[in-house]
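This report concerns only the one structure given below.
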């Protein structure tokens, strides 16, 4: 009886295990199946894809300790009504979170030997109001009235703070004439020694290397110091991720430039991704065939360098019965591919159109790594079929 019972139990376990394997195989098979969608109407995507963007900053921020706040830190204002935000910065130690004590307006002082006492801090929002607005980090928002721009000011907290607690001091010169403009690429190619080239100006002032400190912030929040050299930032082995699957890389620039007896300080974050050609479309082998029931079957061959889920979006073009060329339909197909293979696009067309048909506005996306792949040649590919339908 015991043996029979044991066999039955073992049989049940094996059956459950077999069902689990079957479900896993079926799930894997389904995940490898192609997904196709045809939009209700056609549209064109700008496949020229400008690779540069300009960012502007009229603010800066820095991390200071409780000890530094008690002694007083220099802040550099370039707006008569500067905004100031002070935020306690949590720290992590052996898996525990430690939050600094909250700050109170009555103990925050702004002054300095060279600064007249007419400067005044006005509380824009108390911590309770900030929390109700979604800022639950203990922030306190202040506005400087009658700010003196002739020399650095001293921001000080009169009540004793824990020495190694950290706080973020955020200065925003909303109406300042001094703005940091940085133009940078949105992506850089993976190579032996990748490089990010930026063009940075503080109003009309060209920046020297000594004016700029740079650091890399990884998608996981890790910070690594970088060297800024005449607008060029070199990486060695800091960049591991392709695409934006876990977030963006950011280069944070701290700029400080002398201005009369004062300084102009600005901070800016420049986001980018690292790309590689994980797949490409063999445009010369794209095939367009007429099918049944108003279908035009398009086969798009892909060469795969790294396994992943890839999507092709394209617009089918053809002619009206009056021989005018038109966009007929826009569709997208996606599928996981480990090796070279074909993606099929069964376009459904109206009986009021005819061939020859062509494929245009082609975009290839690596969905696994969340990046649009280089497509200079793909975007110009027009696959014509000369025979009449």
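When you go through (1) surrounded by fewer than 10 Cβ atoms within 10 Å (Cβ to Cβ); (2) assigned to a helix (DSSP H, G or I); (3) modelled with pLDDT of 65 or more one by one for residue 68, which number turns out not to apply?
(1)
Which residues, counting only those in region 188-212, are farther than 21 Å from residue 237 by Cβ and either part of a strand (DSSP E or B) or in contact with a helix residue (DSSP H, G or I) (Cβ under 7 Å, 6 or more places away or on another chain) (or both)?
199, 200, 201, 202, 205, 206, 212
Give the residue that is nearest to the chain's Cα centre (by Cα), with candidates limited to residues of region 80-111 that are within 22 Å of residue 151 (Cβ to Cβ) and part of a loop (DSSP other than H, G, I, E, B).
Looking at the filtered set, the residue picked out is 82.
Among the numbered criteria (1) exposed (fewer than 14 other Cβ atoms within 10 Å of the Cβ); (2) touching a helix residue (DSSP H, G or I) at 6+ places or on another chain (Cβ under 7 Å), which single criterion is violated by residue 321?
If we test residue 321 against (1) exposed (fewer than 14 other Cβ atoms within 10 Å of the Cβ); (2) touching a helix residue (DSSP H, G or I) at 6+ places or on another chain (Cβ under 7 Å), just (2) comes out false.
With the requirement that a residue be in a strand (DSSP E or B) and farther than 15 Å from residue 288 by Cα, what does region 334-352 give you? If you could, list the steps in order and put the result at the bottom.
Step one: list which residues in region 334-352 are in a strand (DSSP E or B), which gives 334-337, 341-348.
Of everything in region 334-352, those that are in a strand (DSSP E or B) and farther than 15 Å from residue 288 by Cα turn out to be 334, 335, 336, 337, 341.
Looking only at region 222-242, filter to residues that are out of contact with any strand residue (DSSP E or B) (no Cβ under 9 Å at 6 or more places or on another chain) and within 24 Å of residue 276 (Cβ to Cβ); which one of those is surrounded by the most Cβ atoms within 10 Å (Cβ to Cβ)? Steps first, please.
Narrowing region 222-242 to residues out of contact with any strand residue (DSSP E or B) (no Cβ under 9 Å at 6 or more places or on another chain): 229-230, 236-237.
Retained after the next criterion (residues that are within 24 Å of residue 276 (Cβ to Cβ)): 236-237.
Working: 236: 10, 237: 6.
Checked region 222-242; the qualifying residue surrounded by the most Cβ atoms within 10 Å (Cβ to Cβ) is 236.
Based on what the data block shows, is residue 262 at pLDDT below 95, more than 21 Å from the chain's Cα centre (by Cα) and crowded, with 17+ Cβ neighbours inside 10 Å? First the steps, then the outcome.
Details: at pLDDT below 95: yes; more than 21 Å from the chain's Cα centre (by Cα): yes; crowded, with 17+ Cβ neighbours inside 10 Å: yes.
Spelling it out, residue 262 is indeed at pLDDT below 95, more than 21 Å from the chain's Cα centre (by Cα) and crowded, with 17+ Cβ neighbours inside 10 Å.
The values are calculated or read from the model by the stated rules, or taken from the named source; none is laboratory data. These numbers were taken from a predicted model, which means no experiment stands behind them. Using ideal geometry, Cβ is built from the backbone for each residue, glycine included, and neighbour counts are taken over all protein chains shown.
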